[in-house]
Amino acid sequence: MSEDTTAAERTTVTTVSARPTIRVALPQGWARAVLSGIEAALLGWALVVVPTLIAYAAVASNQWLVSTTWEDAFHFASDLWGAALGAQVVSGEVSYRAVPLLFVLVLIGLTKLLLLQGRRFPAAAQWMAIPGFTVTALLLAGGIGTHVRVLGAFPLAIAIPFIAAAWEVALSPHSLKLRLEMPQWLSSGVRTGWHASWVLAAYGGLFLLISVTQSWSRIRGIHELLLPTSTVDSTMITLAQVLFIPNAIVWALSWLAGPGFFMGSDALHSPASAPTMPIPAIPLFGATPVSAPGTWVILALVLFGVGVGVYLRLRKGSESLLDDLYQGGIAAVVIAAVYLVTSLGSAFVLGTGRLAFLGPRMSLSALCLFAEVALGLLLTVAVSHPVSVAWARELVSAGKARVREHRHHEAAAGGVAPVDLAPEVPSEDVADEETAGDSLEVADETQVAENLGDDAEAAQASEEEDAPGN
């Protein structure tokens, strides 16, 4: 018995807890998103290379291109791909930079379209399209191009898939729940600012269309200076200019905002300035105003802000004046931010000297655009809000009461009845009291008359009685 107890006391059990296992796993569907990014980059590169090779085939017989081979054309097309992503193309000691914003929008839409294949996976997987697109795009530009500085293409190579992925993630149910948890004025202001940016772009496009119509002869003259030798040349030049239409719209908005844009380092076009030189390198930019109408044109953007304010009050208005002002301020900030980002990509570098910079005055234009739109927007929201209207009515009523009181005191001091004061009409109770009082007075007078009559008759009777005695 003692031996069993001793054996039990000597037995020990040691328990070792298992170490936590850390597992790093990519989200489900990441491979599909990476593949979508790679496909978008390859398709975008093909959209540049194929038309370039077709254009080379059309002009290969030109005597100026005798020393150019198909391989050179292929490398040049890859240089154009890098230039479309914002990289500088260096030829000798001269650098060129011209980003066709319409092509950038096409790349964003193409990436977004390819990401639709991954909607059955978690939304977080869509972000994996960024490395797929970025790495492929930079390899195509730097590995095949010969005159392109690849590092300059890095910002847009990230921004394009990032915007597409953010667009797709924002449509997921999880993002919609987060949006509902945000303050109403914040989410509504961001959406309103984004939609208003597209309306503002349409307004700038309308102004550009009018300018092109009025300057058509000048545009044709610049087109002829490029010496197109065939219909194919003219077609390719026209298609290339179409890609720069959003750039021209950004420049037009800078002109409408007041600061204007540079057609050369010494040629500032604005509502207060209209130089005639130099001749634009792109025929489309020949649609510059030939006169300076004055800074009154900025009123158009103020009226645009008024229109946005009316929309906010009619469609997104709330009972809180402060929330509506916040909403309008956020919308104005989004409009200015979108313009600033697009203006950064719309500028050109077409050589040295006076062509070292062509484009809008970016920061100043964004600031003026914000101030003008915000002025009309916030003023409209503040004036038209029910709280402001009620407050204004109270102020008007108080003012009228003070005017009436002042006139009454003046009339009393002068001993003259005020003209604008109507005579008081007695109420029914007062009229009844006055009628009752009049009736009592008439009754008292009748009673006195009767008493006087009785006294007279008594006196006459006493006199008649005394007469025979005498």
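The values are calculated or read from the model by the stated rules, or taken from the named source; none is laboratory data. All of these numbers come straight from a predicted model, not from anything done at the bench. Cβ: placed from backbone, ideal geometry, glycine included. Neighbour counts: every protein chain shown. Ligands, DNA and RNA are excluded from the accessible area calculation, which covers all protein heavy atoms including side chains. Shrake-Rupley method; radii C 1.70, N 1.55, O 1.52, S 1.80 Å.
Counting only heavy atoms of protein chains, what accessible area per residue, in Å², does the range 134-228 have with a probe of 1.4 Å?
Per residue, the range 134-228 has an accessible area of 60 Å².
Taking 25 Å as R0, compute the FRET efficiency from the Cβ-Cβ separation of ILE158 and SER363 and round it to 0.05.
With R0 = 25 Å, the Cβ-Cβ based efficiency is 0.65.
Residue farthest toward the positive end of the dipole of the range 179-308, with Cβ of Lys/Arg at +1 and Asp/Glu at -1: which of THR192, PRO283, ALA240?
After comparing all options, I get THR192.
Around VAL306, with a cut-off of 12 angstrom between Cβ atoms, what is the net charge of the other residues, counting Lys and Arg +1 and Asp and Glu -1? Please list the in-between numbers first.
Numbers: positive: ARG313; negative: GLU372.
After counting each charged neighbour, the total is 0.
What shape does the range 113-249 take by its C-alpha gyration tensor, where a ≥ b ≥ c are the square roots of the eigenvalues and a/c under 1.5 counts as rounded, a/b above b/c as prolate, and the rest as oblate? Provide the component values of the computation, followed by the final result.
Numbers: a/c = 3.11, a/b = 1.46, b/c = 2.13.
Since a/c reaches 1.5 but b/c is at least a/b, the shape of the range 113-249 is classed as oblate.
Just the number, please: carbon plus sulfur as a percent of the accessible area of the range 101-140, 1.4 Å probe, no ligands or DNA/RNA counted.
Values: 1330 of 1720 Å².
The value for the range 101-140 is 78 percent carbon and sulfur by accessible area.
Between ALA292 and ARG315, what length comes free when the chain is fully extended (0.36 nm per residue of separation minus the Cα-Cα distance, one decimal in nm)?
Working: separation 23, 0.36 × 23 = 8.28 nm, distance 3.79 nm.
Extra length from ALA292 to ARG315 when fully extended: 4.5 nm.
Could you tell me the calculated FRET efficiency between ASP266 and VAL94, based on Cβ-Cβ distance and R0 = 30 angstrom, to the nearest 0.05? Kindly include the intermediate steps, with their values, before the conclusion.
Numbers: r = 19 Å, r/R0 = 0.62.
For ASP266 and VAL94, the calculated efficiency is 0.95.
Sorted by accessible area with a 1.4 angstrom probe, largest first, how do TRP30, TRP70 fall?
Working: TRP30 105, TRP70 140 Å².
Largest accessible area first, the list is TRP70, TRP30.
Rounded to the nearest 10 Å², what accessible area does ARG149 have for a 1.4 Å probe in the complete protein model?
Result for ARG149: roughly 130 Å² accessible.
Using the basic label-point model (7 angstrom from Cα toward the beta carbon), what is the ALA170 to VAL302 distance in nanometres?
Computed distance between label sites ALA170 and VAL302 equals 3.1 nm.
Between HIS75 and LEU209, how high is the FRET efficiency from 1/(1 + (r/R0)^6) when r is the Cβ-Cβ distance and R₀ = 56 Å? Nearest 0.05. Please list the in-between numbers first.
Working: r = 37 Å, r/R0 = 0.66.
After rounding, the FRET efficiency stands at 0.90.
How much length, in nm to one decimal, is gained on full extension between GLN117 and ALA202, taken as 0.36 nm per residue of separation minus their Cα-Cα distance? Before the final figure, lay out the partial values.
Values: separation 85, 0.36 × 85 = 30.60 nm, distance 3.13 nm.
Full extension from GLN117 to ALA202 adds 27.5 nm.
Taking H as built 1.01 Å from N, whose amide H comes closer than 5 Å to the amide H of HIS385, not counting residues under 5 places away?
Residues meeting the amide H criterion: none.
Give the carbon-plus-sulfur fraction of the accessible surface of the range 202-332 in %, rounded to a whole number; probe 1.4 Å, heavy atoms of protein chains only. Intermediate results must be reported in sequence, preceding the final value.
On the way: 4440 of 6390 Å².
Answer for the range 202-332: carbon and sulfur cover 69 percent of the accessible area.
Find out how many positive minus negative residues lie around THR192, taking Lys and Arg as positive, Asp and Glu as negative, among other residues whose Cβ is under 9 Å from that of THR192.
Details: positive: ARG191, ARG315, LYS316; negative: none.
So the environment of THR192 carries a net charge of +3.
Please say if the range 174-301 is rounded, prolate or oblate, where rounded means a/c under 1.5 for a ≥ b ≥ c the square roots of the C-alpha gyration tensor eigenvalues, and otherwise the choice is prolate for a/b larger than b/c and oblate otherwise?
On the way: a/c = 3.26, a/b = 1.69, b/c = 1.93.
In terms of gyration-tensor shape, oblate.
Going through the range 98-175, which chymotrypsin sites (Phe, Trp or Tyr not before Pro) have at most 13 other Cβ atoms within 10 Å and a DSSP loop state? Don't skip to the answer; put the middle values down first.
On the way: sites: PHE103, TRP127, PHE133, PHE162, TRP167; in loops: none.
Within the range 98-175, no chymotrypsin sites (Phe, Trp or Tyr not before Pro) qualify (loop, at most 13 other Cβ atoms within 10 Å).
Counting Lys and Arg as +1 and Asp and Glu as -1, each charge on the Cβ, what is the dipole of the range 132-270 about the Cα centre in debye, to the nearest 20?
On the way: 6 positive and 5 negative charges, 47 e Å.
In total the dipole reaches around 220 debye.
Taking the Cα centre of the range 46-147 as origin and charging only Cβ (+1 Lys, Arg; -1 Asp, Glu), how large is the dipole, in debye to the nearest 20?
Details: 4 positive and 4 negative charges, 126 e Å.
The calculated dipole for the range 46-147 is roughly 600 debye.
Report the per residue volume, in Å³, of the convex hull enclosing the C-alpha atoms of the range 306-409. If you can, show how the numbers build up before the last one.
Details: hull volume 13.3 nm³, N = 104.
Dividing the Cα hull volume of the range 306-409 by its residue count gives 128 Å³.
What whole number of Å gives the distance from the Cα centroid of the range 228-263 to the Cα centroid of the range 271-310?
Result: 15 Å between the Cα centres.
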